[in-house]
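> Got a structure for you, questions after.
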Amino acid sequence: TQVTVEVHPRNTTPQLFKKLSFRKGTFPAGKPAHAYPWDKSSLKSMPLDLQQFEKLDAYALKVSLELVQALLKRARTDLEKVRVIWMWICHHIEYDVVGFHDKSQRLCSPIDVLRRGKSVCEGYAALFQQMCSIAGIQCMKLSGYSKGYGYTVGQAFEGDSNHAWNAVYLEGRWHLLDSTWGSGNVDTSDKFTFRYNEFYFLTHPALFINDHFPDNSNWQLLKPALTLKEFETTVMYNSDFYKLGLLAVHPDTAIIQTVNGTATISVDCRSSTLFTFSLKGREKHGLLTLRKHGMKLEIYPQSTGRQELEIFAKSSNSPEDVYNHVLQYVVECKSVDKSVHFPKDLHQPVGPSWLSERQGFLRPSQPDPVVHTNDGRCSFTFTLGKDISILPTLQSDNSGLTEDRRRQHIMQIHRGNQVEFLVHLPHAGKFVLKFFSKKKSDPGNYTYVFNYLISCLNNEVKWPAFPQTYSNWANDYEILEPLSGLLPANRNVQFKLKMHGISKVLVQAQDTHTLTLSRDGFWEGTCNTAGCTELFVMVQENANHNFYSHVLKYTVETP
């Protein structure tokens with residue numbers, strides 16, 4: 001066994017930083033320089049199977065300061081050499097926040113970066129270039145503008161460049177990467193956290209240009225190249241935007257102008273994704289609806305001027321309730337639409353979607369999130385999945401009714417695997433119709449599913465509640481008349497009820513009246529409301545017993 005030991009004077013550069021020579025032209029002569037436009041099939045600029053790097057990545061993280069020679073022991077191809085260098089830098093060099101703010105504290109030479117274990121982007125890029133040089137990989141250190149630490153949406157870029165990154169030459173093409181942004185991020189309190197980001201390794205140029213604008217437009221690796229003005233005005237997509245499979249947004253400009261007090265934003269994506277938003281730090285002034293391949297957001301700013309709109313998303317399959325920041329806009333509002341108000345109980349997203357379908361609410365009769373009614377009445381029908389019990393609620397900001405009383409303005413009717421909800425509003429205004437569900441076989445609590453916004457502008461609307469139902473009122477029973485739970489005094493009232501498996505039906509008022517079963521299966525009859533304040537419907541389920549159960553209760557108006 002032989003051991004070779006290199007001895008260097010203390011103040012000289014070690015063998016690690018002996019440069020290998022390579023062609024210094026911007027692009028190798030006769031080689032293709034530009035990447036193809038993004039076809040939305042991959043985030044990378046070359047086909048990659050990241051699983052093939054698992055053992056290599058794990059090895060790179062363990063290598064200490066023997067560095068390049070040690071790193072390359074497991075790397076066979078140029079791609080693997082670039083990969084181990086990338087992984088080591090991203091997991092061992094932290095961002096120098098102090099150096100970012102104070103140039104006198106900033107050290108960016110490769111040897112200084114290694115000794116201190118920290119630097120700003122210039123140091124990351126210089127170290128990456130030097131290590132690639134030793135490995136025999138053509139690598140360029142690029143500079144330009146970036147939408148990173150300290151960037152504000154819509155800002156203009158001028159003066160010296162503010163960022164540095166690298167390009168490497170692999171398999172006959174140049175590819176882009178940013179080890180600074182691959183290593184982690186700095187939060188609003190100026191604290192750096194290691195948080196590896198795969199997105200910035202060999203990123204497709206069509207995506208890289210969204211937040212990296214090189215001084216030399218050739219290094220965009222795009223035809224045609226973006227202008228600086230286009231770079232400034234294009235909306236910034238955070239890397240999580242692409243990692244979640246999101247594809248495009250409209251509008252794609254960083255600054256949005258409202259029209260008549262409102263603006264609409266839409267996002268397209270590959271798979272079912274959940275979204276939320278924040279306008280001026282709040283979620284109250286918008287209407288977010290989910291689509292199978294994206295979402296639509298209507299915002300209604302409540303004040304004029306510039307305000308920040310942030311959009312967050314997460315995969316519908318994620319077990320964690322953590323939304324990632326994916327988009328950021330500046331909204332310029334010149335006028336406020338005072339007529340638009342959303343109840344405080346409105347929950348985003350609004351309306352039925354693939355999410356409510358997953359929980360058993362199929363084929364909704366009202367596909368839109370907002371239902372407008374002029375006479376204060378509306379209905380909602382669904383085909384239900386198996387073993388589902390539903391609890392609907394009706395919420396309003398300006399209703400003096402209790403929650404139980406508001407719930408009596410909803411009637412639930414089951415017909416086989418279909419359910420219909422009749423809603424009679426107690427007054428004009430905006431209401432939130434919320435649906436909660438649980439398995440019938442589950443003794444646990446109901447969980448929230450989704451909600452609608454119901455709007456009625458007719459101030460003459462004043463519907464009474466439906467009749468009160470008791471526990472013996474079965475899901476598939478149905479009231480055809482009277483639907484109003486408030487009956488007129490001193491009147492003959494016609495009853496028509498649909499109830500199966502019943503032997504006898506009585507209506508108890510001042511006197512007791514018997515309903516008869518018609519040929520078409522309805523219990524029918526007339527009852528007079530004179531002399532009573534309440535009226536009850538009772539049923540006898542078994543003809544051999546004299547026991548009657550209360551199923552409905554009506555209130556009679558005071559004469």
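> Taking square-rooted eigenvalues a ≥ b ≥ c of the alpha carbon gyration tensor, is region 95-139 rounded, prolate or oblate, where a/c under 1.5 means rounded and, failing that, a/b exceeding b/c means prolate?
prolate
> How far is it, in nm, from the label point at LEU401 to the one at ASP102 when both lie 7 Å from their Cα along the line to the Cβ?
About 6.6 nm, to one decimal.
> So if the hydrodynamic radius of region 251-291 is defined as the Kirkwood radius over C-alpha pairs, what does Stokes-Einstein give as its diffusion coefficient at 20 °C and 1.002 mPa s, in µm² per second? List each step's numbers first, then the result.
Values: Rh = 12.2 Å.
Here the translational diffusion coefficient equals 176 µm²/s.
> Now, a different point. With bins 10 Å wide starting at 0, give me the P(r) of region 354-456 over every alpha carbon pair, in whole percents.
Values per bin, smallest distances first: 14, 50, 30, 6.
> Evaluate the Kirkwood expression for the hydrodynamic radius of region 468-556, namely the inverse of the mean inverse distance over all pairs of different C-alpha atoms, and round to one decimal in Å. Each step should come with its number before you reach the end.
Details: mean 1/r = 0.0764 Å⁻¹.
For region 468-556, the Kirkwood estimate is 13.1 Å.
> Would you mind calculating the gained length between LYS439 and LYS223 on full extension (0.36 nm times residue separation, minus the Cα-Cα distance), in nm to one decimal? Provide the component values of the computation, followed by the final result.
Values: separation 216, 0.36 × 216 = 77.76 nm, distance 5.63 nm.
Answer, rounded to one decimal: 72.1 nm.
> Ok, one more. In terms of Cα to Cα distance under 17 Å, which aspartates and glutamates are near enough to LYS344, apart from those fewer than 8 places away along the same chain?
Partners found: GLU283, GLU298, ASP397, GLU403.
> Based only on Cα atoms, what Rg/Rh ratio does region 324-384 have, Rh being taken as Kirkwood's radius?
Result for region 324-384 is an Rg/Rh of 1.07.
> Using only C-alpha positions, report the orientation-averaged shadow area of the convex hull of region 219-297, nm², one decimal.
Hull-based average projected area comes out at 6.8 nm².
> Follow-up question, since we're still on this one. As a check on your grasp of the helix formula, calculate [θ] at 222 nm for the chain: sum -39500 (n - 2.57) over DSSP H runs of n ≥ 4, divide by the residue count, round to the nearest 500.
Rounded to the nearest 500, it is -4000 deg cm²/dmol.
> Report ASP520's accessible area, 1.4 Å probe, all protein chains in place, as a number in Å² to the nearest 10.
Accessible area of ASP520: about 100 Å².
> Next question, about the same structure. Measure up LYS55/LYS296; LYS314/LYS386; LYS280/LYS439 against 30 Å on the Cα-Cα distance and list the ones that go over. Don't skip to the end; give the middle numbers.
Numbers: LYS55/LYS296 42 Å; LYS314/LYS386 28 Å; LYS280/LYS439 39 Å.
The answer is LYS55/LYS296; LYS280/LYS439.
> Going highest first, how would you order 45-53, 404-412 by mean Cβ packing within 10 Å? Working shown, then result.
Numbers: 45-53: 13.1, 404-412: 16.9.
My ranking of the peptides, most packed first, is 404-412, 45-53.
> Lysine pairs in region 462-559 with Cα distance under 18 Å, only those 8 or more apart or on different chains: how many are there?
4
> In whole angstrom, how far apart do the alpha carbon centroids of region 409-478 and region 490-543 sit?
24
> Rounded to two decimals, what is the ratio between the C-alpha radius of gyration of region 260-365 and 2.2 N^0.38 Å? Numbers along the way, then the final one.
Working: Rg = 14.4 Å, N = 106, 2.2 N^0.38 = 12.9 Å.
Working it through for region 260-365, the quotient is 1.11.
> Let me cross-check GLU420: its accessible surface, 1.4 Å probe, with only protein heavy atoms counted, in Å² to the nearest 10?
30
> Hey, another quick one. For all pairs of alpha-carbon atoms in region 50-228, what percent lies in each bin of width 10 Å, listed from the first bin to the last filled one?
Spelled out bin by bin, region 50-228 gives 9, 39, 37, 14, 1 percent.
The values are calculated or read from the model by the stated rules, or taken from the named source; none is laboratory data. If you're wondering where the values come from, they're calculated on a predicted model, not measured in any experiment. For neighbour counting, all protein chains shown are included, and Cβ atoms are generated from backbone atoms with ideal geometry for every residue, glycine included. Note: accessible area is taken over every heavy atom of the protein model, side chains too, but ligands, DNA and RNA are not part of it. Shrake-Rupley method; radii C 1.70, N 1.55, O 1.52, S 1.80 Å.
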